[in-house]
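Take a look at the structure below.
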Amino acid sequence: MSETRQERKPEEFTGREYEAGFVTDIETDTLPPGLNEDVIRHISAKKEEPEWLLNWRLEAFRHWQTMQEPHWAHVNYPPIDYQAISYYSAPKSQKDGPKSLDEVDPKLLETYAKLGIPLREQEFLAGVAVDAVFDSVSVATTFKGKLKDAGVIFCPISEAVREYPELVQQYLGTVVPTGDNFYAALNSAVFTDGSFVYIPKGVRCPMELSTYFRINALNTGQFERTLIIADEGSYVSYLEGCTAPQRDENQLHAAVVELVALDDARIKYSTVQNWYPGDENGVGGIYNFVTKRADCRGARSRVSWTQVETGSAITWKYPSCILRGDDSVGEFYSVALTKMRQEADTGTKMIHIGKNTRSTIVSKGISAGFGQQSYRGLVRIGKSAEGARNYTQCDSLLIGENCGAHTFPYVEVKNPTATMEHEATTSKIGEDQLFYCQSRGISEEDAVNMIVNGFCKDVFNELPMEFAVEANRLMEVSLEGAVG
Amino acid sequence: MSGSLQTLRQQAWQAFEEKGLPTTRDEDWKYTDLSRIQTLLGEQWWQPAGTGAVAIDMVELPGLDAWRMVFNNGYFDPARSELPPGVTITSLASLMQDEPAKVVDLLAYQPDAPLSSGLTAANSALAADGACICIPANTRLDQPLYLLHLNSGGTAHLRTGIELGPHAELEVIEHFHGQHSEAGLTNSVTAIRLAAGARCTHYRLQLEAAKQCHSGRVEVSQKADSSYQLHAVELGGMLSRCDVISRLDERGASCELGGLFVATGRQHIDHHTRIEHNAPYCSSRESYRSVLDGRSHGVFNGKIVVAKGAIKTDSAQNNANLLLSPDAAVDTKPELEIYHDDVKCAHGVTVGQLDKNQLFYLKSRGIAEEEAKQLLTVAFADEQLARMNNHSIRRFIERAAFAKLPSITDLEGMLV
């Protein structure tokens, strides 16, 4: 081993440039920047929405205007000018209404290919139906037929509003109300698209549902709205993955995801988030302010959130579970990586209301370079939550002397029969571990990768197979140049 | 009163008038509602009561041999005090009269200090008495120093300053006691400064009367290789809040914070601690336990901040809570804020009731369920008290703590 090789420090390996940074040139139908009631009416009209939804949006907007932008998160970013954002952007080609993949703009397909998401091949190989969201309008939905046979509804939410208005009206905004928080209110007012999933009673969704998000048009905030309803005794696994082209303008992304699980239903929601994190000086990058919440309404229902967060300049999200039904289960598995100037304030909330409800939280944070990362979690065990149980583990791994890792776990217990355990550790990659690996002839970079991999394993194990592979690769790629 | 002291008092008073009492909208006061103080003591709750002229009935801490300073409602009572020779220990009131310049530093109000609130400002503005203790370099008192604060209701603002020279050693006991049935507020601030190599063991025993509110603040700043050990015990009062701030400012300093809450009825006990690792090679240990019965409410917030450059920090924190009644509640938040990678930090929290397996084990050995429960409760709390080296204090606290839990009958038999 050469002298220089030996002297390299782990932090040298975190400087890898963003791989998925390219802009696809597609004409977009974009509204001028600014937000007022006319913009909302315009969005609603474009989407041919019914009256009730327009009123719902307007109500949210009026409420939003009375709200204060929150600043309690442990992150720093310049003030956002909400009037400088364009609230609607749809790829032009959407107007032709592609019915199948063949009709999809070849440039879009090319973009996916560059990202290693061969849409067409997935149809055959992976057995995954992909509802690809390019900016704000869904352009391709596959495997519709097969899902239809099973009775599963999987479509863009704008389509669901037209086709299944009673379902949407019944559930929309019942998990995350319009006035829930600043960004949820904004989303409710201006959301342009997203996915809608309904799994009927007793149906096990025959395949994993997947949406790939991309933010593309310059200066366009992306406001996705996802609603998943798992009726009694059903099961669904939903994958969400994101990458974005490289660009200097900060982009706001304020999505809302609502999950409803009825009696004995199970929802598994997995996310790989790899949006543009900004350059090494903290210029550019996505602001990811997301509200994700699951309502375990039914008895014995079960929701599990798994997330791998490596992108975005600022991440601010807390996928949560309201454990209302007796014996319901909530799970949260997370790996978050912050490097360069990235900041993340993420965690979960587990609200125990029903009897014998259980929740598990495993959070792994890796901070490198100048990255700042916070775990913020709430475990609330209400008075009615007889026999509730929670286990929380949050570990942080620090790489380099300029990064930070913070933990803010809130624990509120109002029932003596509850059992709650919380553990957290923070440390750097052990010099002795590195030395051991290197003495066995493993290069420093590989050794660091191995250690990080081992650190994340508990979470990666929860990911569906294809995603686990992708996540592993993502970690390696992200840490290259940052570590060993 | 000297000019600068007067300015300080005025500034603090202004700050207090601006700030008022913190509300539950304040993140640091989210779980503790101080409006109760106003309800109990009225709009003029801050108005100090009495002059300490009336001596309050003494309490005995059996077996404790110590130098003592006794305070009546916040005022020094020299007649019942006994001070060691050779070290400077005076009351704040007399120091204010003789050398007011010396007091300015001690009473200073820093609005930006962590966890400082309107109560701290009120203390700076209104504290009339307290203890000023100065132990010179390489000195060790032959006996502990016992600060007994007797209260009989009404409001008292106290300020205590403790300064240890290089390699000095001190064991200090702050004991807040009341047996009256009046409403009252104790607002105490204790500032401790440890020079290089100094060692301080601090017992803080809160056994106020049932309708007394208690607000405490302990601020410790530590130089190289100094060590500080806190044993906080919260048994009395209806609403008690204590902020403990420990700053490890120089290499090799260490601190150990321990706390035990035993609450019943409608008691509300809240401890916020903050340990700042500002220098390399410092270590901290923290362990808090609470036993909550009746409709009581326990709050614990432990924050550990590791500054950039504080390499080889070693920190561990633990908080365990035992809920004995369906109406008891606990809110706990162990926080870590870390800005350097070469550190080792861990924390853990548990909340629950008595372990069913342990209960079953004892029952299978022929011990009645009630007795088994008592045994396990005592064992849980005693694990915290076992860290106390002063046997007399430990015994005193054990008796006072377990007497609160009505089901415990044969206490003497259980104590080792």
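The values are calculated or read from the model by the stated rules, or taken from the named source; none is laboratory data. Quick caveat: nothing in here was measured; it's all calculated off a predicted structure. Here the Cβ is made from the backbone with ideal geometry for all residues, glycine too, and neighbour counts use every protein chain on show.
Points to keep in mind about this one:
- Test: residue in region B:302-324 that is in the same structural domain as B:THR264 (by TED's automatic domain parsing), in contact with a Pro (Cβ under 8 Å, 6 or more places away or on another chain) and farther than 23 Å from A:THR425 by Cβ: yes
- Scanning region A:331-352 for residues that are part of a loop (DSSP other than H, G, I, E, B) and surrounded by fewer than 24 Cβ atoms within 10 Å (Cβ to Cβ) gives A:MET340, A:ARG341.
- Condition check for A:PHE435 on (1) surrounded by fewer than 21 Cβ atoms within 10 Å (Cβ to Cβ); (2) at pLDDT 85 or above; (3) within 13 Å of chain B (Cβ to nearest Cβ): one failure, at (3).
- Here the condition is being at pLDDT 85 or above and either crowded, with 17+ Cβ neighbours inside 10 Å or over 24 Å from the mean Cα position of the chain (by Cα) (or both); of A:ARG41, A:ARG57, it holds for A:ARG57 alone.
- Filtered residues of region A:397-414 (kept if buried (at least 19 other Cβ atoms within 10 Å of the Cβ) and more than 7 Å from every other protein chain (Cβ to nearest Cβ)): A:LEU397
- From A:GLU423, A:GLU444, residue being over 25 Å from B:GLU335 (Cα atoms) and either surrounded by fewer than 23 Cβ atoms within 10 Å (Cβ to Cβ) or more than 8 Å from chain B (Cβ to nearest Cβ) (or both): A:GLU444
- Conditions (1) in contact with a helix residue (DSSP H, G or I) (Cβ under 8 Å, 6 or more places away or on another chain); (2) free of Cβ contacts under 8 Å to residues at least 60 places away in the same chain: number failed by A:ASP326: (1)
- Candidate set from region A:271-291 (those that are in a loop (DSSP other than H, G, I, E, B) and on the phi < 0 side of the Ramachandran plot); member that is surrounded by the fewest Cβ atoms within 10 Å (Cβ to Cβ): A:ASN281
- Residue in region B:37-55 that is among the β-branched types (Val, Ile, Thr), closer than 26 Å to B:ASN301 by Cα and assigned by TED's automatic domain parsing to the domain that holds B:HIS272 present: yes
- Subset of region A:192-220 (residues that are farther than 30 Å from A:GLN83 by Cα, modelled with pLDDT under 80 and not in a loop (DSSP other than H, G, I, E, B)): A:LEU209, A:SER210
- Taken together, the criteria place A:ARG324 among residues that are at pLDDT 90 or above, in contact with an Asp or Glu (Cβ under 7 Å, 6 or more places away or on another chain) and among the basic types (Lys, Arg).
- Residues (within 14 Å of chain A (Cβ to nearest Cβ), assigned to a loop (DSSP other than H, G, I, E, B) and under 21 Å from the mean Cα position of the chain (by Cα)) located in region B:14-55: B:LYS30, B:TYR31, B:THR32
- Looking only at region B:191-201, and only at residues there that are touching a His at 6+ places or on another chain (Cβ under 9 Å) and buried (at least 23 other Cβ atoms within 10 Å of the Cβ), the one that is nearest to B:TYR146 (Cα to Cα): B:ILE192
- Listed conditions (1) in a loop (DSSP other than H, G, I, E, B); (2) among the basic types (Lys, Arg); (3) within 14 Å of chain A (Cβ to nearest Cβ) are all met by B:LYS373, apart from (1).
Results for (1) among the aliphatic types (A, V, I, L, M); (2) in a strand (DSSP E or B); (3) free of Cβ contacts under 8 Å to residues at least 60 places away in the same chain; (4) farther than 16 Å from B:GLY161 by Cα, shown as yes or no for each residue.
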{"position": "B:ASP225", "(1), (2), (3), (4)": "no, no, yes, yes"}
{"position": "B:GLN229", "(1), (2), (3), (4)": "no, yes, yes, yes"}
{"position": "B:GLY236", "(1), (2), (3), (4)": "no, no, no, yes"}
{"position": "B:ARG241", "(1), (2), (3), (4)": "no, yes, no, yes"}
{"position": "B:VAL244", "(1), (2), (3), (4)": "yes, yes, yes, no"}
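- Some residue of region B:290-307 being surrounded by fewer than 20 Cβ atoms within 10 Å (Cβ to Cβ), within 11 Å of chain A (Cβ to nearest Cβ) and more than 23 Å from the chain's Cα centre (by Cα): yes
- Those residues of region A:353-365 which are closer than 18 Å to A:PRO319 by Cβ and surrounded by fewer than 24 Cβ atoms within 10 Å (Cβ to Cβ), in sequence order: A:ILE353, A:ARG358, A:THR360, A:VAL362, A:LYS364
- Neighbours by Cβ (under 7 Å, 6+ apart or cross-chain): first from region B:324-339, more than 7 Å from chain A (Cβ to nearest Cβ); second outside any strand (DSSP E or B) and small (Gly, Ala, Ser): B:ASP327/B:GLY294
- Filter result (surrounded by 23 or more Cβ atoms within 10 Å (Cβ to Cβ) and within 14 Å of the chain's Cα centre (by Cα)) within region A:314-329: A:ILE314, A:THR315, A:TRP316, A:LYS317, A:PRO319, A:SER320
Each row is one residue, and each column tells you yes or no for (1) among the basic types (Lys, Arg); (2) within 14 Å of chain B (Cβ to nearest Cβ); (3) in contact with a Phe, Trp or Tyr (Cβ under 9 Å, 6 or more places away or on another chain); (4) over 19 Å from A:ARG293 (Cα atoms).
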{"position": "A:ASP345", "(1), (2), (3), (4)": "no, yes, yes, no"}
{"position": "A:MET350", "(1), (2), (3), (4)": "no, yes, yes, no"}
{"position": "A:GLY354", "(1), (2), (3), (4)": "no, no, no, no"}
{"position": "A:THR357", "(1), (2), (3), (4)": "no, no, no, no"}
{"position": "A:ILE361", "(1), (2), (3), (4)": "no, yes, yes, no"}
{"position": "A:GLY377", "(1), (2), (3), (4)": "no, yes, yes, no"}
{"position": "A:ARG380", "(1), (2), (3), (4)": "yes, yes, yes, no"}
{"position": "A:GLU386", "(1), (2), (3), (4)": "no, yes, no, yes"}
{"position": "A:ASN390", "(1), (2), (3), (4)": "no, yes, no, no"}
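- Within the span defined as region B:353-370, one or more residues are facing another protein chain (nearest Cβ under 9 Å), under 22 Å from A:THR417 (Cα atoms) and touching a residue at least 24 places away in the same chain (Cβ under 8 Å).
- Meets criteria (free of Cβ contacts under 8 Å to residues at least 40 places away in the same chain and not in a strand (DSSP E or B)) for B:ALA79: yes
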